[in-house]
1. Give, in whole angstrom and from largest to smallest, the semi-axes √(5λ) of the equivalent ellipsoid of chain A, with λ running over the eigenvalues of the Cα gyration tensor.
2. Quick one: what are the phi-derived ³J(HN,Hα) couplings along region A:215-224, Karplus 6.51/-1.76/1.60 with θ = phi - 60°, whole Hz, x for glycine and proline?
3. With the solvent-accessible surface defined on protein heavy atoms using a 1.4 Å probe, which residues belonging to region A:279-305 display a reduction of at least 50 Å² in accessible area in the multichain context relative to the isolated chain?
4. Using a 1.4 angstrom probe and counting only protein chains, how large is the accessible area of A:R27 in Å², to 10?
5. Answer rounded, prolate or oblate for region A:47-102, using the Cα gyration tensor with square roots of eigenvalues a ≥ b ≥ c: rounded when a/c is under 1.5, else prolate when a/b is larger than b/c, else oblate.
6. Give me the 1.4 Å probe accessible area per residue for the protein assembly as shown, excluding ligands and nucleic acids, in Å².
7. Tally up the carbon and sulfur contribution to the accessible surface of the protein assembly as shown as a whole percent, 1.4 Å probe, everything protein left in place.
8. Around B:T44, what is the net charge, scoring Lys/Arg as +1 and Asp/Glu as -1 over all other residues with Cβ under 10 Å from its Cβ?
Amino acid sequence: MKNPFVMECGNYKTKYEKDMAIFSIKRVKIRMLGLAILAFLFPLLADNYVIGLATLCAIASIGAIGLNILTGFTGQISIGVGAFLGVGGYTSAILTSTLGLSFWVALPVAGLITASVGALFGIPSLRLKGLYLAIATLAAQFIILFIISRWTGLTGGTSGMVLQRPSIGSFSFMSASSYYYLCLIILLFTIVYALNLFRSRTGRAFLAVRDRDVAAEIMGINLFTYKVLSFAISSFFVGIAGALLAHYTMIVSPELYSITVSIQYLAMILVGGLGSILGSILGAIFITLLPVGLGFVMDYIAVYMPDMQNTLAAFHELAFGAVIILFLIFEPDGLAHIWSNIKHYFKVWPFSY
Amino acid sequence: MLLLCFMLLMGVMAACSGEEGAAGGDAEAADGDTVKIGALFDITGGTGDVGTPYSEGEKAYYEYLNSQGGIDGTQVELIGDDYAYDMAKGQRLYQELRDKDNVSAILGWGTADTEALRQQVANDQLPYFSASYSENLKNLEESPYNFLTAATYSDQGRAVVKWIKENHEGENPTLALLYNDTAFGRSPIEDIKAYAAEVGVEVVDEQVIPVTATEAQSQMLNMQGAAPDYAIIQQTWGATATILREAQTLGIDTQFIGLNWATGEGVVEIAGDAAEGMLGVVTHAFPYEDLEGLAEMEEYLESKGESLEDVSQKFVQGWVTAKIMAEGIGNAEELNGEGIRKGIEQIKDMDLGGLAAPVTFSADNHAGTNKVRLAEVKDGKFEVITDYFSYED
């Protein structure tokens, strides 16, 4: 038997299939399976509050992977994620609450409609790059929110709409853990899809577009098709995340999809690591839990300085901003890079040279 | 590496406080002489100007109540936090209150978040008092656990329209509506317009002004064009003061009437003499009025080395809201959400010592009252000019 504490020292690939594999060695495969099982067992050990947070993390991860497909892998900046989440949420709300369709129909339709709206706003990406594109997608944010808050007949205007949790037969996903499982399963599908996407022609075309679009075009990649496709695929997942979030909070309202949400999603993929699926998830977890963690720190300090509570509440925002800035300065490649650094450190340990 | 340490530390702290919360819950179930009330405060958010004194009023009342022996010996523990008028944060805080702190009832804040939470509140059976008096919350089918402790924004607006109709000199009063583009701002607009059309007050203009606005010149210029006799303001202190200042600069002679969150000492403080002559809907008393209900508050404030001069009307509002909740808890047979809801539904004509209109709840009516008073700013101070009245009187 192999000593489990000894690290791999070489990994020779003899077949192209091996080079293409998602998990290059068996041990990684087992480890990933273990991680997935751990995620499934987790609700048995945690209380409802922690499961609720984990659900929010899972939903944010789906959205962050979506955004990372567009920004991290295809190099197209989008500041309209918040509004696309809203499109997903509202589509699902209208389909289930107004039209009485089942959640299981509404969810994929919400994804598809968000994908088409995303593709529509992706059209300018052929001509616009970088900051110009960022502002064009910012327009999407404002236009979509404007439509949502003014089209009162369809969306209920600023008062929003009320949704129900999904159900199968008589079983309703009302409890914290059941909804967590639902989101977790969809997240796993998203991960598997995204990992496979970048082994396919489409995914590779995305990478080529990101690295040098002129070169990609010379290679025969149709820039317009792939850029719009990237917007569509990315928005699909953002829409799914939006629908899941809407059914989780059981409300949609224009206030939930402000520009702040878009910035948060951008922060997720920046902090997590651009162009990394693992990074998207780590970033989503980090940004979702950071305010919670800061809340604990503030409560802890407030015990010693009870009169300061109101002042500390204001520091919350400051600390949030500071953590993100420090992150971008000291680890611009994100949490995914920290993780791979840790792995490499242990791989060669104790002989680091 | 430093960051990693920070994260680990945070993880450890999260785990610790998680256990603490669970232990607290067990203790509560065992001896049962503490009841936990959750609260969502807005201290740093868009409506923090009125949210801060309101939250202090709520905290103060329970502190006072506990010092007086609680509710028949039951101590009230208020667990609240700032959610910065952010729905997503409010949602997270609500979960924390429900799952970690195991609260039995909640004192909420804004319109958007209260409306957002009403389904979950109903599902979790947690009675919910919001500082939002949105008409939507009256709907018992959609919000069976929400209670309104003062007249709804729509009822306030209707009362103002009725007052305009009755007190206007000359013919056909014209009205403008100034509000912000949030669920809170838009809440009474359609109802006011419908009621105005019914009684014959013409709505000639509507202007949207952000709740955090520090200038509103273009909107006020637009309004000036329509030259309304009256303008109803649905904002909080900051934006109201902005409107009054711009009106003064532009020389607009419209009579401004603020709904309850636009009324209070803060407006005069910020707007100065621009506030002179403004009318305001008063749902809760000013601390400088001569009312028996203020005695308790004075006693509490003196024990803290303060006086009634240090608090504002919004403090009274928080105090009264907390007091109505305490009454409901006192009526409850069981100290859980369902029991407290039934307790609140037993409240009949609760006398608040003049601090607010008496409230009545029942199983099929969760709107405590529809009565308001009007006050006018004279020499830098709101002076109440009417008795409690409603549009139905």
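The values are calculated or read from the model by the stated rules, or taken from the named source; none is laboratory data. Keep in mind that this is a model prediction, so the values were computed, not measured. Cβ atoms come from the backbone with ideal geometry, glycine included; neighbour counts cover every protein chain shown. With ligands, DNA and RNA removed, areas are computed over all heavy atoms of the protein, side chains included. Shrake-Rupley method; radii C 1.70, N 1.55, O 1.52, S 1.80 Å.
1. Working: eigenvalues 204, 156, 102 Å².
With the √(5λ) rule applied to chain A, the semi-axes are 32, 28, 23 Å.
2. 4, 4, 5, 5, 6, x, 8, 6, 4, 4
3. The answer is A:F296.
4. Accessible surface of A:R27 is approximately 60 Å².
5. On the way: a/c = 3.00, a/b = 1.19, b/c = 2.52.
Because a/c hits 1.5 or more and a/b fails to exceed b/c, region A:47-102 counts as oblate.
6. Numbers: 32190 Å² over 746 residues.
Per-residue accessible area for the protein assembly as shown comes out at 43 Å².
7. Working: 19100 of 32190 Å².
C and S fraction of accessible area: 59 percent.
8. -4
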